[in-house]
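Have a look at the structure below before the remarks.
Since every read-out is calculated from the coordinates, none of them should be taken as a lab result. Small disclaimer: the values here were computed from a predicted structure and weren't measured. In this analysis, Cβ positions are derived from the backbone assuming ideal geometry, glycine residues included, and neighbour counts consider all displayed protein chains.
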């Protein structure tokens, strides 16, 4: 990122390039979400546990999408049959930080030369995210179907195997230079890229945030995750209650509090979200428990953890206390569950700002 020297009327002037993003998101494969409220009949047909996320083949994704029209559940809260938007945990967090909090954010990853790739780039660009670190590649963009039941619980089936993605040897120090935070999501298919990104990020002085992805990911690939956490290179870790239990599977006390203690041994900040029961967090010797926002009406849980992470990170960037960071996360996470999909609507951003005012939290200086 650097500078360009200009000569005008005999004067030497330095024209600085745009500032590096404060927060960078690494999502190796761009992803498009197809979000729909469906009946139980469709959920009963799909292999795997409800409420989780397991990869499917392109044929299975096509079959699920073909069945949606037969099983759509229309309600006053979700009048649109299917919402299609840029998705992925990291993209949800970064988009929220940019559009809702006004933080200068960027994305590292790759997208395909297809309609889904164009949609991903346009959606992130529209939200003010710096997309200069996204690589365009020949091939398909990843897709995910997000099925929401009557209780707002989402079941996700991503198709990633054939999608283009950024490789570990494509990452450069310039991608990370000047930024403060790197946001990532754990995934065994991306482990090599994650490790390479952490190495460069630490060279460039960035702090690293990691989300544990899903209880299936923790359950099935626990050992590599423990090694990653115990490396000491993860500064901030987010886990939900189910992921926390899987993290300590087999231990006598595999509860959220025990998981928080484990994470805090290796991470400066450890956070375990507890759904409607709020969250617990630890930094140094300080432990806080913050309740969820009671006023939030859950239509769709998609993106709740991602937006919680965004609010928490915003608090850290602004130098707020641990409790205030959790409250920020609670307000942000509560805003996205009020509508379908992982993108917060303008109306729900306004709802979030009102909740922040009620709690005495500083309102963001929105750019756009």
Check: Of 127, 132, 335, 66, how do they rank once you tally other Cβ atoms within 10 Å and put the fewest first?
Finding: 66, 132, 127, 335
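Below 8 Å between Cα atoms, with a sequence gap of 6+, how large is the relative contact order for the chain in percent? Walk me through the intermediate numbers first.
Values: 793 pairs, mean separation 60.9, N = 368.
Dividing the mean separation by the residue count of the chain yields 17 percent.
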Margin query: I need 175, 33, 39 ordered by Cβ neighbour count within 10 Å, fewest first.
Written below: 39, 175, 33
Next item on the list: Could you compute the FRET efficiency for residue 49 and residue 274, with r as their C-beta to C-beta distance and R0 at 25 Å, rounded to 0.05?
Entry: 0.80
Margin query: Counting just the Cα atoms, what span does region 160-277 cover along each of its three principal axes? Round to the nearest Å and put the largest first.
Written below: 44, 33, 27
Checklist line | Length-normalised contact order for region 183-277 - Cα pairs under 8 Å, 6+ apart - percent | finding: 26 percent
Notebook entry, point to check: Rg and Dmax of region 74-162 over Cα atoms: what are they, in angstrom?
Noted result: 14.3, 40
Next item on the list: Compute the convex hull volume of the Cα atoms of region 303-350, divide it by the residue count, and report the result per residue in Å³ as a whole number.
Entry: 60 Å³
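By how many nm would the segment from residue 192 to residue 114 lengthen if fully extended, with 0.36 nm per residue of separation less the alpha-carbon distance? Walk me through the numbers before you get to the answer.
Details: separation 78, 0.36 × 78 = 28.08 nm, distance 2.57 nm.
My answer for the length gained is 25.5 nm.
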Note to self: Bins of 10 Å, beginning at zero and ending with the bin holding the largest distance: percent of Cα pairs per bin for region 252-368, please.
What the structure shows: 14, 46, 30, 9, 1
Check: Looking only at region 104-143, which residues have a backbone nitrogen under 14 Å from a spot 7 Å from the Cα of residue 365 in the C-beta direction?
Finding: 104
Checklist line | Spherically averaged projected area of region 243-305 from its Cα convex hull (nm²) | finding: 5.0 nm²
Item checked: Peptide ranges 182-190, 199-207, 117-125 listed from the most packed, as the mean C-beta count within 10 angstrom indicates -> 182-190, 117-125, 199-207
Next item on the list: For region 207-258, list log₁₀ I(q)/I(0) at each q in 0.17 Å⁻¹, using the Debye formula over Cα point scatterers of equal strength and ignoring solvent, two decimals each.
Entry: -0.48
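If each residue's Cβ is checked for other Cβ atoms within 10 Å, how do 134, 212 rank with the fewest at the top? Numbers along the way, then the final one.
Numbers: 134 22, 212 25.
By the 10 Å Cβ count, ascending, the order reads 134, 212.
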Checklist line | Normalised contact order of region 52-193, rounded percent, pairs of Cα under 8 Å and 6 or more residues apart | finding: 27 percent
Margin query: How large is the direction-averaged shadow of the alpha-carbon convex hull of the chain, in nm²?
Written below: 19.6 nm²
Notebook entry, point to check: What is the distance, in nm, between label points placed 7 Å from the Cα along the Cα-to-Cβ direction at residue 122 and at residue 223?
Noted result: 4.6 nm
Check: Among 236-243, 191-198, what's the highest-first ranking by average C-beta atoms within 10 angstrom per residue?
Finding: 236-243, 191-198
Check: Could you give the distance between the Cα centres of region 293-323 and region 18-88, to the whole Å?
Finding: 21 Å
Check: Using alpha carbon centroids, what distance separates region 121-169 and region 170-207, in Å?
Finding: 18 Å
Next item on the list: Between residue 66 and residue 170, take the C-beta separation as r, use R0 = 41 Å, and let me know the FRET efficiency to the nearest 0.05.
Entry: 0.75
